[in-house]
1. Using Cα pairs closer than 8 Å and at least 6 residues apart in sequence, work out the relative contact order for the chain, in percent.
2. For the chain, what is the Kirkwood hydrodynamic radius in Å, using each pair of distinct C-alpha atoms?
3. Pop a pseudo-label 7 angstrom from the Cα along the beta-carbon direction at both ALA32 and ARG201 and give the gap in nm to one decimal.
4. Which of the GluC sites (Glu not before Pro) found in the range 164-242 are loop residues per DSSP with 16 or fewer other Cβ atoms within 10 Å of their Cβ?
5. Largest first and to the nearest Å, give the Cα extent of the range 5-217 along each principal axis.
6. Roughly speaking, what is the centre-to-centre gap between the range 238-294 and the range 29-95 when only Cα atoms are used, to the nearest Å?
7. Averaging sequence separations of C-alpha pairs under 8 Å and six or more residues apart, then dividing by the length of the range 245-293, give the relative contact order as a whole percent.
8. How long is the range 21-83 along each principal axis, judged by its Cα atoms, biggest number first, in Å?
Amino acid sequence: MPLPHVLLSAAVSLDGYLDDTGPERLLLSGPADFDRVDEVRASVDAILVGAGTIRADNPRLLVNSAERRAARVAAGEAEYPLKVTVSGSGELDPAARFWHTGGEKVLLTTDDGARRARGLGIAADVVSLGEVLDWRTALEYLHDRRGVRRLMVEGGGTVHSQLLQRELADELQLVLAPLLVGDPAAPRLFGPGAYQGGRLRLIETRRIEDVVLMRYLPTAPGAGERVAAADRHWLGLACELAELCPPSDTAFSVGAVVVAADGSELARGFSREGGDPVVHAEEAALAKVDPEDPRLARATVYSSLEPCARRASRPAPCARLILDAGVRRVVTAWREPDTFVAGADGSGVLTAHGAVVVVPAGYEERAKAPNRHLEG
């Protein structure tokens with residue numbers, strides 16, 4: 001099922017704390033960064049915080065800029081993004097500012113939590129997700145039932161930790177403040193647990209007054225049929241590479257990336273790369289990797305089009321090249337149509353030899369875009 005793009009947003013002290021233990025909220029950033037956050041809020045479909053943040057901080061979570069709200073309305077969107085909170089118990093203060101400011105609100109909870117929240121008179125759309133809360137189910141609901149394509153998560157630490165641990169966070173926007181808290185009783189951004197592997201990729205650093213914004217993307221692929229947030233990034237890159245292909249009326253435009261289990265990019269390629277009129281994307285990428293590289297056995301190949309099972313231009317189709325390289329996981333955006341080869345089934349060849357083929361929802365149209373001239 002497709003999921004929203006999940007953006008985690010937080011500010012922390014130099015020693016990793018979200019707050020201190022004083023009676024007032026510790027302000028970790030200043031006016032310029034607050035305005036940046038307001039800009040991000042205005043760009044998303046929904047803002048989510050955990051129940052603990054509502055209890056501790058009593059936030060309003062509004063877009064404060066009248067100009068940004070007007071721009072949302074002019075674009076046909078609601079004045080304010082949907083406000084979302086998650087609570088297993090449903091034990092929340094019905095007088096909290098969260099419920100009484102801004103636009104629509106939704107509480108995602110359990111069967112028991114829904115009964116309790118309705119009894120308290122919580123002023124929100126109370127939605128039960130079943131006997132227990134599950135983050136993937138919650139994100140699927142927001143995407144499918146509420147039309148959320150971009151979700152900003154503003155806390156707290158438990159929520160951020162859980163989304164990262166479950167490989168559901170697509171981006172981390174972290175602001176580092178020049179403060180030290182040093183109180184072990186204060187809340188920290190990330191708690192203990194098993195997090196996704198690999199290094200996050202730093203895509204931006206920006207000084208904002210006396211704080212530093214750092215933006216990171218996950219890199220480590222999922223395992224087996226499990227789709228991790230990094231899988232979506234790498235498949236998106238494969239679709240972007242397809243746009244680089246020299247045009248052709250006799251072959252598809254395809255992009256491919258080979259990624260190690262730790263998130264290291266091993267190689268990338270695209271159809272007809274380097275002036276070779278018949279080279280395929282997966283072929284071009286794999287040719288750049290040492291065949292003796294031990295990382296290939298646990299690597300993932302991302303391809304905007306299903307690897308070919310048969311071809312006239314070269315002896316070995318891409319499905320065979322992938323298997324011969326030792327790769328046993330392929331993520332693709334689009335099953336190959338019968339445009340040039342009848343009964344194309346690269347996935348069948350791969351799975352028959354022990355490989356896993358994953359086709360995440362939501363990427364087919366991107367993969368088709370550079371091939372529109374071949375339709376009909």
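A short reminder: the numbers here are calculations on the coordinates, not readings from a lab. Because the structure is a prediction, the values reported are computed rather than measured. As a convention, Cβ positions derive from the backbone with ideal geometry for all residues, glycine included, and neighbour counts pool all protein chains shown.
1. Taking the mean separation of contacting Cα pairs over the length of the chain, I get 14 percent.
2. Radius from the Kirkwood sum: 22.7 Å.
3. 2.8 nm
4. GLU209, GLU225
5. So the extents along the principal axes, rounded to whole Å, are 44, 42, 37.
6. When both Cα centres are located, 41 Å separates them.
7. Worked out over the range 245-293, it gives 32 percent.
8. Each principal axis gives a Cα extent; for the range 21-83 these are 42, 26, 13 Å.
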